[in-house]
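Quick note: the coordinates plus some simple rules give every number you see, no bench work behind them. What you see is a predicted model, and the numbers here were worked out from it, not measured in a lab. Ideal geometry is used to build each Cβ from the backbone, glycine not excepted, and the neighbour counts take in all protein chains shown.
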Amino acid sequence: MLKNLDPVLTPDLLWVLSAMGHGDELVLCDANFPAQSIAGSKHLIRLPGIDTVRAARAILSVIPVQRMEVVGRVDYLPPVQQEMQDEIDRAEGRPLPMGSIERFAFYETAKRAFAVVATSEARGYGCFLLKKGVILAAD
């Protein structure tokens, strides 16, 4: 057990987050996403019983995100995406609007991601690309 560590951050997930470099992407996906086929031989981490928003809460302090667009409704934010936006804003301490990406472009981008984290999120469009940022040393 580690002090002050969110229990959602499993050893495998912690390793992935640590091994990722600046600009590497992590797919945080819902239960309907083809996680195994997209991950292929890359890292696949399963978080059973955890939804995407809860999983994101554990790792958002260092990662900006992109969201998948709802087919035919580019400007629509389904509830799961609005909740994710709220988590991002809370983690960053300021509004940081998500970008969006078309559904099939999301799948292609996901194939190049460093890892896939599969959650039990049952709501559609609960898939996100998390891009690792940089933490600069304080002067």
Seminar exercise, completed: In debye to the nearest 20, the charge dipole size for the chain, taken about the Cα centre with +1 at each Lys and Arg Cβ and -1 at each Asp and Glu Cβ, equals 260
Exercise. So how much slack lies between residue 86 and residue 5, counting 0.36 nm per residue of separation and subtracting their Cα-Cα distance, in nm?
Worked result: 27.1 nm
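May I ask you to derive the relative contact order of the chain, considering only C-alpha pairs under 8 Å and at least 6 residues apart, and to give it as an integer percent? Spell out each step's value before the answer.
On the way: 236 pairs, mean separation 63.8, N = 139.
Normalised by residue count, the contact order of the chain is 46 percent.
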Exercise. Which links in 42/132; 111/132; 3/111 stretch past 23 Å when you go from one Cα to the other?
Worked result: 3/111
Problem set entry | By average C-beta atoms within 10 angstrom, highest first, the peptides 54-60, 42-48 | 54-60, 42-48
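Using Cβ contacts closer than 10 Å as the measure, can you line up 104, 33 from fewest to most? Can you show the working numbers first?
Numbers: 104 10, 33 23.
By the 10 Å Cβ count, ascending: 104, 33.
Need the full-extension length gain, residue 37 to residue 75, defined as separation in residues times 0.36 nm minus the C-alpha distance. One decimal, nm.
Details: separation 38, 0.36 × 38 = 13.68 nm, distance 2.87 nm.
Net length gain for the segment: 10.8 nm.
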